[in-house]
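Please treat every number below as a calculation from the coordinates, not as lab data. In this text, all values refer to a predicted model and were calculated from it rather than measured experimentally. All Cβ positions, glycine included, derive from the backbone under ideal geometry; neighbour counts span all protein chains shown.
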Amino acid sequence: MIQNRLNQEADQAAARYGLLVDGWQGLFGRALNAIDFGTASHAAHFISEALEMAQTYMRQEAVAFDDVFEEIASEAHQTTLDQIASNDANELTERVTDHLRTAQQYAADELLAQINRDLALMRRALQRVALEVYAASRSRGISQRQALIEYRIGNVAELDFAFHDRTNRKWSSRKFVRTLWRHSLLSVYNEVVMLTLADHGLRRARVVHLDPNAESHDTLIAFSSSADLPTYSEIRDTIFHPNANAILAMEGSSVSA
C-alpha cells in the first residue's frame, strides 16, 4: 500500500535529520569545552562547522528528494493508468514533471528554513552561555574557565531544536521534518493522480480511505470549481492532512489505500 511507503519515507527522513541534530548537539558540547571559548574566533569556528554539517546534509538530502519524489509520482501515474486501462506510455508527462519539480523545491525550501531556524538557535545558545560565563567571571573575579565549569554543572547543555506552527504549538525538529516529508509525498501522489485523470478527459476523482467506514471514504471531488462537488483545494487540509490514511483514485476504481 502507498500509505506504508509514505510512512517509511517520512520516518527515514526524520531519522536522517535526527542524525544532523545529534551532530549539532555534539558540536555544541565540544564548543563548551574549547580552550578559546568566549572569543570571536571560537564563535565563528563553531558556526562554520555547524554550517558545513548542514550543507553536507542538504547535498545528501537533495538526492533523496530527486529519487523519492519521482518514485512516488511514477507510482501514482502508473496506478492511475492501470485504473483507466490506458495504453499510454509509463513515462511522466512534461506537465507532471514540471509540477513535481515545483513540489520538490517547495519541500526543500521548507527544510532549509528549518535548518536556518535550528542554526539560529545554536548561535543564540552559544551567545547566551558566553554572556553568562563572562558576567560570572568578571563579577566574582574568577577565571572564565572556572565560570564555564560552574555553568556546565548548573545548566543542561541540551539544545531544544524545535518548530512552532501558526497556533504556537511546538514540535521537535525531527517531527517537523517527518510531517513535511509525509505531507509533501502524499500531495505529490494525489496531484499526479489528478493530472493523469484530467489528461484522459476525466473530471472527477474519489477519496479512498484505509478505513472503508471513514466519513471521507468514497467522497467525490471535481476538477472544476464550477461543479457542485468540492475541489481538491477545498478538502486538502482536512481530508489529506499530513497523517491522513486517504488517497485519491479514479472514480469507480477498486483500489486500496
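For the stretch 184-257, the relative contact order comes to 37 percent (Cα pairs under 8 Å, sequence separation of at least 6). Near Leu148, once Lys and Arg are set to +1 and Asp and Glu to -1 for all other residues with Cβ below 15 Å from its Cβ, the sum equals +3. Each DSSP beta bridge with both residues in the chain is either parallel or antiparallel, and the antiparallel ones are about 90%. Is any residue of the stretch 210-225 close enough, with backbone N under 15 Å, to a label point placed 7 angstrom from the Cα of Thr238 along the Cα-Cβ axis, and if so, which? In the stretch 210-225, the label zone of Thr238 (backbone N under 15 Å from the point 7 Å along Cα→Cβ) covers 215-222. Hey, how much of the P(r) for the stretch 34-115 falls beyond 21 Å, as a percent of Cα pairs? Taking all Cα-Cα pairs of the stretch 34-115, the fraction more than 21 Å apart is 52 percent. Seen from all directions on average, the chain presents a Cα convex hull projection of 16.8 nm². Remark: relative contact order (the chain) = 23 percent; criterion is Cα-Cα distance under 8 angstrom and separation of 6 or more residues. Mean separation of Cα pairs under 8 Å and 6+ residues apart, divided by the residue count of the stretch 43-152: what relative contact order is that in percent? After rounding, I find 26 percent.
Restricting the stretch 125-164 to GluC sites (Glu not before Pro) that sit in a DSSP loop and have at most 11 other Cβ atoms within 10 Å of their own Cβ leaves Glu158. For the chain, which DSSP H helices look membrane-span-like by this rule: Cα extent along the axis of 20 Å or more and mean Kyte-Doolittle of at least -1.0? Correct list, ordered by number: 2-31, 40-84, 94-140, 173-199. Can you tell me the FRET efficiency between Arg128 and Ala40 if r is taken as the Cβ-Cβ distance and R0 is 25 Å, rounded to the nearest 0.05? FRET efficiency, Arg128 to Ala40: 0.95.
A Cβ-based charge dipole, computed about the Cα centre of the chain with Lys and Arg at +1 and Asp and Glu at -1, lands at about 1580 debye. Give me the percent of Cα-Cα pairs in the stretch 187-257 that sit more than 14 Å apart, rounded to a whole number. Considering the stretch 187-257, 55 percent of its Cα-Cα pairs are separated by more than 14 Å. Let's test the formula: R0 of 25 Å, r as the Cβ-Cβ distance of Asp98 and Asn4. What FRET efficiency results, to the nearest 0.05? Between Asp98 and Asn4 the formula returns 0.35. Counting charges near Val177 (Lys, Arg +1; Asp, Glu -1) among other residues having Cβ under 13 Å from its Cβ returns a value of +1. What do you get for trypsin sites (Lys or Arg not before Pro) in the stretch 192-225 restricted to DSSP loop and a cutoff of at most 16 other Cβ within 10 Å of the site's Cβ? Answer in residue order: Arg203. Quarter the surface of the alpha carbon convex hull of the stretch 94-183 and you get the mean projected area, 8.0 square nanometres. Extension gain, Ser86-Asp211: 0.36 nm per intervening residue step, less the Cα-Cα distance, totals 42.2 nm. Given R0 = 30 Å, the distance between the Cβ atoms of Lys175 and Glu251 translates into a calculated FRET efficiency of 0.30. Taking 7 Å steps out from each Cα toward its Cβ at Leu220 and Val63 produces label points 4.7 nm apart.
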